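Each remark here refers to the structure printed beneath this line.
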Amino acid sequence: MTIESLPIQVQAARVSLRGKRSMGRSVALHATLTVASLIAVFPVFWVLVTSFKPDARAVAPTIRLFDESSLANYRDVLSGQQGDFLAWVLNSVEIALLTTLIAVFLSATTGYAVSRFRFPGSRKLLLSFLIAQMFPFAVLIVPLFNVLLSLGLQGTGIGLVLVYCTTSVPFCTYMLKGYFDTIPTDIDESGRVDGLSPFGVFWRLVLPLARPGLAVTAFYAFLTAWGEVAFASAFLSASDESKTLAVGLQVFVQQNRVEWGHLAAASILVSIPAVAVFYLVQRFLVTGLAAGAVKG
Amino acid sequence: MAEVAYVSASRVFAGNPPVRAVDQLELDVADGEFLVLVGPSGSGKSTALRMLAGLEDVDEGAIKIGGKDVTNVPPKGRDIAMVFQSYALYPHMTVAENMGFALKLRGTSKQEIKDKVAEAAKMLDLTKYLDRKPKALSGGQRQRVAMGRAIVREPSVFLMDEPLSNLDAKLRVETRANIAALQQRLGTTTIYVTHDQVEAMTMGDRVAVLKDGLLQQCASPRELYDRPANAFVAGFIGSPAMNLKTVPLTAEGALLDGLTVPLTRSALDKASTEGLKEVTFGVRPETLRLAGADEEGMELTVELVEELGADAYVYGSVRIGGVPERFIVRVDGRTPPAFGQNVKVAVRDTSEVHLFHPESGARLEV
């Protein structure tokens, strides 16, 4: 069909463009891209380098790649010398996974309903989802705190999960609605004629087809929960073993000094799961984001 | 296998005013029959089909399949299979999985599914594509998979919603014949929706013509062509379309420019009892012929000649009551008149002339 032949034509156009580009332009383009990549990669690289240095050497006036470098920082962080790092990891994993699970489930079902069924107020419902997104986090902390308090969930991980869901579910619903809209309704109808119930259509046809969209949604929900600091420090109890990673990192920043080496080592450890999740979903990211964005 | 009946079935879409997409449809389809629903876009033919499938609500009346009222039965309980215009294949399943999906849902054993899919694939020449995903197939192959998915289920009724409209012209003609042959072989009741009157005429045992949600006529292709029930059917069926003009009546017949077409006594009587001074006069292009210079005939100025090889169609204008009206005449393909030429046109056979009421459009029986 014509739509499927399009990308090939686009590719062909690109190839011929590349062939025509002059030497000078090519050098300029690659130089720019290289600089941009370096700017993007350097901070992460420097954190990695710093994580192997002792705190004192990390900010030494002479800048060296290796300066008494060792794995000591990692050993300290993981052994819980400065705080219960492994407990934080568990908390963060638990909260981020639970948020992802609830957010994907809720936004998939809601997004499907809004995409497929006509019911009174469906448009308004969708708009109302955006309201929570319109306020800055700082404004939301007090009202959310009160809600959690009255629910008896203040200070608990489940409470924090709910808070993360208030921000990620609306956004994910929008994204998934956009994705579901790109799946032709003929497929739903064909499934119903073939013998599926309405939920069966959703579960066996629409969800498998929406896998790229779901992956992106899951990634987004996971990241929101994983790296978040403001809500986590406000809503979790102050005791060390209930902190999440992002909050826990603050122990390395003390009033008079910052333990740069330890902070860097901990940061690298924190980013590993996020990178792992990214690696899992990256092949869906481009199609998922594009589809959600174009028809959102 | 089963018969199908629409019992005063209506579908009303909310709005101001509400739209009666299908209005009091009364239609009986016999067991094993191939019925074509045809009409221009917006005529309600697809809606009527979807009502039968259970994908569209029935607001008034009822729908029966095999004598059983299924008006409120969900699609999966109706024992129907549908071929969609877009084919609606499941992109994440292979051809074999697509075809076997309905059976799998019914809990049919794996071996039986495999056998049935293999049999249908053989019938449709799809055997070597069974492991492919739909996106790796051509348009014609996808169409066949959609057919295969319907066949494998052995339903009591096939529903087809413009299944050929995404194919190119040559493949469409080929597939048209294949579907008709397949239906005859399987003997399954089939309801087929199309906007293409050639498909309707060539495939259907009977053809139901719809317009604005109302059934205009349901009859065999021959009957539709020879005795259209009203001016709409007359104009819709046949290509190129019938010449339909409102002309004055005289004591002898219908008065066209320079030509009085004699009408039968009974036709004239009927017109006069209804107090008609004019009638809608219908004549197909092949019923007209070029007349010799000394014969009685209408003056036609040639505006366009379509040469099709064996035949040619002459499009030209005739002045009726001072107003130029377009007529189409079929002539011999080897000796067509030239552009701009003035020719005389006469009626080949006055018994093939159709008369309709000028306002209601209903056929005046002669």
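The values are calculated or read from the model by the stated rules, or taken from the named source; none is laboratory data. Owing to the predicted nature of the structure, the values given are computational and were not obtained by experimental measurement. Note that each Cβ is placed from the backbone with ideal geometry, even for glycine, and that neighbours are counted across all protein chains shown.
In the set (1) modelled with pLDDT of 85 or more; (2) outside any strand (DSSP E or B), B:ARG289 fails one condition alone, (2).
Could you tell me whether any residue of segment A:158-175 is surrounded by fewer than 18 Cβ atoms within 10 Å (Cβ to Cβ), within 20 Å of A:ALA221 (Cα to Cα) and not hydroxyl-bearing (Ser, Thr, Tyr)? Yes, the conditions are met somewhere in segment A:158-175. Among what's in segment B:14-54 and is within 14 Å of chain A (Cβ to nearest Cβ) and surrounded by 14 or more Cβ atoms within 10 Å (Cβ to Cβ), pick the residue that is farthest from B:ALA200 (Cα to Cα). Filtering first and then ranking leaves B:GLY54.
Quick check on this structure: which one of A:LEU176, A:LEU162, A:LEU97, A:LEU149 is more than 19 Å from the chain's Cα centre (by Cα) and either outside any loop (DSSP other than H, G, I, E, B) or polar (S, T, N, Q) (or both)? Spell out the reasoning first.
Details: A:LEU176 fails: more than 19 Å from the chain's Cα centre (by Cα); A:LEU162 fails: more than 19 Å from the chain's Cα centre (by Cα); A:LEU97 fails: more than 19 Å from the chain's Cα centre (by Cα).
None of the other options fit; the residue is A:LEU149.
The sole residue among B:ARG50, B:ARG20, B:ARG78 that is in contact with a Gly (Cβ under 6 Å, 6 or more places away or on another chain) and closer than 30 Å to B:VAL233 by Cα is B:ARG20.
Taking the stated definitions as given, is A:THR217 of a type in the set (Val, Ile, Thr) and modelled with pLDDT of 85 or more? When the stated conditions are applied, A:THR217 passes them.
Under 17 Å from the mean Cα position of the chain (by Cα) and at positive phi: is that true of B:GLY67 in this structure?
Details: under 17 Å from the mean Cα position of the chain (by Cα): no; at positive phi: yes.
Against the criterion (under 17 Å from the mean Cα position of the chain (by Cα) and at positive phi), B:GLY67 does not qualify.
Any residue that is over 25 Å from A:ILE141 (Cα atoms) and assigned by TED's automatic domain parsing to the domain that holds A:GLY152 - is there at least one of those in segment A:230-245? No: segment A:230-245 contains no residue that is over 25 Å from A:ILE141 (Cα atoms) and assigned by TED's automatic domain parsing to the domain that holds A:GLY152.
Just for segment A:203-261: of the residues that are within 29 Å of B:LYS135 (Cα to Cα) and of a type in the set (Val, Ile, Thr), which one is surrounded by the most Cβ atoms within 10 Å (Cβ to Cβ)? So the residue we want is A:THR217. Across segment A:70-88, the number of residues qualifying as over 18 Å from A:ALA58 (Cβ atoms) and surrounded by 15 or more Cβ atoms within 10 Å (Cβ to Cβ) comes to 6. Scanning segment B:281-305 for residues that are touching a residue at least 60 places away in the same chain (Cβ under 8 Å) and among the charged types (D, E, K, R) yields B:ARG284, B:GLU286. Residues in segment A:187-239 that are closer than 30 Å to A:VAL251 by Cα and free of Cβ contacts under 8 Å to residues at least 40 places away in the same chain: A:VAL229, A:SER233, A:ALA238, A:SER239. The set of residues in segment A:136-152 that are under 27 Å from A:MET175 (Cβ atoms) and either surrounded by 11 or more Cβ atoms within 10 Å (Cβ to Cβ) or not assigned by TED's automatic domain parsing to the domain that holds A:ALA238 (or both) comprises A:PHE137, A:LEU140, A:ILE141, A:LEU144, A:VAL147, A:LEU148.
Scanning segment B:237-277 for residues that are closer than 28 Å to B:ALA219 by Cα and of a type in the set (Asp, Glu) gives B:ASP269, B:GLU274.
Within segment B:316-335, the set of residues being more than 24 Å from the chain's Cα centre (by Cα) and either under 16 Å from B:ALA241 (Cβ atoms) or part of a strand (DSSP E or B) (or both) comprises B:GLY316, B:SER317, B:VAL318, B:ARG319, B:ILE320, B:VAL323, B:PRO324, B:GLU325, B:ARG326, B:VAL331, B:ASP332.
Of all the residues that make up segment B:39-56, how many are within 14 Å of A:SER190 (Cβ to Cβ) and not in a loop (DSSP other than H, G, I, E, B)?
Of the residues in that region, 3 qualify.
If you go through segment B:57-77 and keep only what is part of a loop (DSSP other than H, G, I, E, B), within 14 Å of chain A (Cβ to nearest Cβ) and loosely packed, with under 14 Cβ neighbours inside 10 Å, you end up with just B:ASP57. Scanning segment A:115-146 for residues that are over 24 Å from the mean Cα position of the chain (by Cα) and aliphatic (A, V, I, L, M) yields A:LEU125, A:VAL142.
Picking from B:PHE356, B:PHE327, which residue would you name as being under 17 Å from B:THR260 (Cβ atoms) and not hydroxyl-bearing (Ser, Thr, Tyr)?
Going through B:PHE356, B:PHE327 in turn, just one is under 17 Å from B:THR260 (Cβ atoms) and not hydroxyl-bearing (Ser, Thr, Tyr): B:PHE327.
What number of residues within segment A:185-210 satisfy the criterion of being in contact with a helix residue (DSSP H, G or I) (Cβ under 9 Å, 6 or more places away or on another chain) and either small (Gly, Ala, Ser) or within 8 Å of chain B (Cβ to nearest Cβ) (or both)? Matching residues across segment A:185-210 total 14. The set of residues in segment B:101-120 that are closer than 13 Å to B:ALA150 by Cβ and at the interface with chain A (Cβ under 10 Å from one of its Cβ atoms) comprises B:PHE101, B:ALA102, B:LEU103. Checking A:ALA215 against (1) out of contact with any Phe, Trp or Tyr (no Cβ under 6 Å at 6 or more places or on another chain); (2) away from chain B (no Cβ under 14 Å); (3) part of a helix (DSSP H, G or I), only one condition comes out false. Which one? All conditions are met except number (1). Looking across segment B:156-173, the residues that are closer than 14 Å to B:GLN85 by Cα, in contact (Cβ under 8 Å) with a residue 40 or more places away in the chain and not in a loop (DSSP other than H, G, I, E, B) come down to B:PHE158, B:LEU159, B:MET160, B:ASP161.
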